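Here, each number is a calculation from the coordinates, and none is a lab measurement. None of the values given here were measured: they were computed from a predicted structure. All Cβ positions, glycine included, derive from the backbone under ideal geometry; neighbour counts span all protein chains shown.
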Amino acid sequence: MTSIIPNQKPVIRVSESGFRRSVPERGADQGVTVTAVGSTGLPAVEPLVTVTQAGETALYTQCSPADVEAIIDALEAAGGDVDDAADRAKKTPEAVVDHEPTATRLPTAGVPGLDTRARSVLGGCGWRRPTNPADYEAAAGFEPPDPEAVLELGASLRGRGWGDLCHDAPLAETWETVRGAAGSPVVVVNGHGTTADTLLLESAPFEVLDGAVALARTVEADSVIVYASAADDRAVDTVREAAANYPELPVGVDVVTGPPEYRAAEPTMALEAIEGNHRLEARLRPPGPEEVGLHGQPTLIHTPRTLAHLAVGLREGELPGTRLLTVTGDVDATATVELPADDTLADGLDAVDLNGRFKAARVGGRFGGLTSDLDVAVDPESLAAADLGTEGSVHVLAEDRCLVEFVGKTATFAAEENCGRCVPCREGTTQLAGLLRDIYDGSYAPEKIDELVRVMSTSSICEFGVQAGRPVRTALSEFEAEFEAHADGHCPAGSCLDPLEA
Ligand code: SF4
């Protein structure tokens, strides 16, 4: 296979989630190369059509299939001249960008939302063909890693997401444990659950696989298992194809799916799912998976985000120092952006249009913290100091949202979806949902709620129960007047339902 990147002939890329859905693929022998690439992470601008020749790219947003045909016709009529094609096309490009002719990342200048201060881990998304190894090779991928360099990066790289065995913690110590443990090490890529991880599996699978392979070589594992939700079928198909196309793969790679339930992303429940156990329960620790993991072997479990950061760090000689942030909720379309760690949550909202006036946001995943202040840096220390989650997401709530109803639904979800293994979480989430429902009957007991959440967060076996009370705790801290108003019989937002019936 040959790369489309260092190419003097015109190339049209069509970027959208579920790539290849509507692209009339054409080879260079037909004058203009037309090819499908993955999503940029910003569905609001997609299908995004880029027209590239000799270091110049025109970006056309929100293109219909008819637009794609019109742009191809315009480029052919213009003899491959990007500027002339832009004049001829019936659609106006959002931007025309000059760049290195051999660029291996999507040039994003001038496209709101894509135009963040950093785009390293997401750089190939919307630019490289996800399963074509030539494009990734042209971006300096597939280089055999130096284990010392891997360990050095692992000393400062921290795990991304609650599905990562080293959530927010440096990785190298756990890697050393696996190297010293008895047995045959395994590397699990836990791609279950978050929008950003699914995006990477779907749009930049070689980054993820390269990170996993580098790690497997470093800890002398001979097996990599990519684990994802069965509901994410496009990501699963894409990463399977990428693994099949990975040149001279030095370890075995299997792709395994698990049930779509939220809890199935918890690292030890992921192991249960991979082993084929129908009843998903978190495993007691110690020993942790790094000593006794998949089928009893020492096992590392990292998210695609973690491994893609590792791959980019190895390629570039240093970690990119960025965080992926997914913005969802009351917005025009969910967006995943990459930000320097000192950018704020508010910077991430530049990528979306809000549906209504901003009231609050749940920051850091399903069990993140509620806040109205998004002037918080996206690095994990700043988020934790503000009692927010570090999952890499902002769920926006417009002003007509009732926060009592919102946290009630979260508590009900936790009560219904926990695995039932430990009492603080199993009973605590049920009691929490009950206490929130009682508010609608005029019984508001903030001290009881506080104490219950404290017990859950300090006594639960896994992160599910540790975090499940945070939305309520943080909402009470900043928005207590809404709870008091409900106990007095009215909803300030004028919109809520009984949380247990909603
Ligand atoms: S905290 Fe919840 S999800 Fe985790 S083991 Fe206990 S009951 Fe299961």
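See the values below:
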{"quantity": "Karplus-derived HN-Hα couplings along segment 33-47 (A = 6.51, B = -1.76, C = 1.60, θ = phi - 60°), whole Hz, x at Gly and Pro", "calculated": "7, 10, 9, 8, 10, x, 5, 7, x, 10, x, 4, 9, 9, x"}
{"quantity": "Computed [θ] at 222 nm, deg cm²/dmol, the chain (DSSP H ≥ 4; -39,500 (n - 2.57); rounded to nearest 500)", "calculated": "-11000 deg cm²/dmol"}
{"quantity": "Order by protection proxy (mean Cβ within 10 Å, highest first), peptides 436-449, 65-78, 385-398", "calculated": "385-398, 65-78, 436-449"}
{"quantity": "Nonlocal amide H pairs with Val186, under 5 Å, H built at 1.01 Å", "calculated": "Thr299, Leu300"}
{"quantity": "Net charge of Cβ neighbours under 11 Å - reference Asn355; Lys, Arg +1; Asp, Glu -1", "calculated": "-3"}
{"quantity": "By average C-beta atoms within 10 angstrom, highest first, the peptides 159-166, 299-306, 235-242", "calculated": "299-306, 159-166, 235-242"}
{"quantity": "For the chain, diffusion coefficient by Stokes-Einstein and Kirkwood Rh (Cα), 25 °C, 0.890 mPa s, µm²/s", "calculated": "103 µm²/s"}
{"quantity": "With 10 Å bins from 0: P(r) over segment 11-116, alpha-carbon pairs, percent", "calculated": "16, 54, 29, 1"}
{"quantity": "Residues of type lysines that Lys90 reaches as a straight line, Cα spacing below 23 Å, ignoring anything fewer than 8 places off in the same chain", "calculated": "Lys9"}
{"quantity": "Cα Rg over Rh - segment 359-464, Kirkwood", "calculated": "0.97"}
{"quantity": "Derived scalar couplings ³J(HN,Hα) [segment 69-78; Karplus, 6.51 cos²θ - 1.76 cosθ + 1.60; whole Hz; x for Gly, Pro]", "calculated": "4, 5, 5, 4, 4, 5, 5, 5, 5, 8"}
{"quantity": "DSSP beta bridges in the chain [antiparallel fraction, %, rounded to 5]", "calculated": "55 percent"}
{"quantity": "Pairwise centroid distance, computed over Cα atoms, of segment 103-121 with segment 202-227, Å", "calculated": "25 Å"}
{"quantity": "Sites Glu241 and Arg117 - FRET efficiency at Förster radius 22 Å, r taken between beta-carbons, to 0.05", "calculated": "0.10"}
{"quantity": "For peptides 315-321, 90-96, 332-338, sequence by mean Cβ density within 10 Å, most packed first", "calculated": "332-338, 90-96, 315-321"}
{"quantity": "Segment 179-193 - phi-based ³J(HN,Hα) in whole Hz, Karplus 6.51/-1.76/1.60, Gly and Pro as x", "calculated": "4, x, 7, 6, x, 10, x, 10, 10, 9, 9, 8, x, 7, x"}
{"quantity": "Simple spin-label estimate for Glu173 and Arg279 in nanometres, 7 Å along Cα-Cβ", "calculated": "3.4 nm"}
{"quantity": "Nearest 10 degrees, 0 to 90: helix 470-487 Cα axis against the chain principal axis", "calculated": "60 degrees"}
{"quantity": "Pairwise FRET efficiency - Glu318 versus Asp254, Cβ, R0 = 30 Å, nearest 0.05", "calculated": "0.45"}
{"quantity": "Proximal lysines to Lys448, defined as alpha-carbon separation beneath 20 angstrom and excluding residues fewer than eight positions away on the same chain", "calculated": "Lys409"}
{"quantity": "Rounded to 5, the percent of DSSP beta bridges in segment 11-116 classed as antiparallel", "calculated": "75 percent"}
{"quantity": "Helix axis angle, 403-417 relative to the chain longest principal axis, alpha carbon, degrees", "calculated": "90 degrees"}
{"quantity": "Cα-based helix-to-principal-axis angle, 147-156 vs the chain, degrees rounded to 10", "calculated": "50 degrees"}
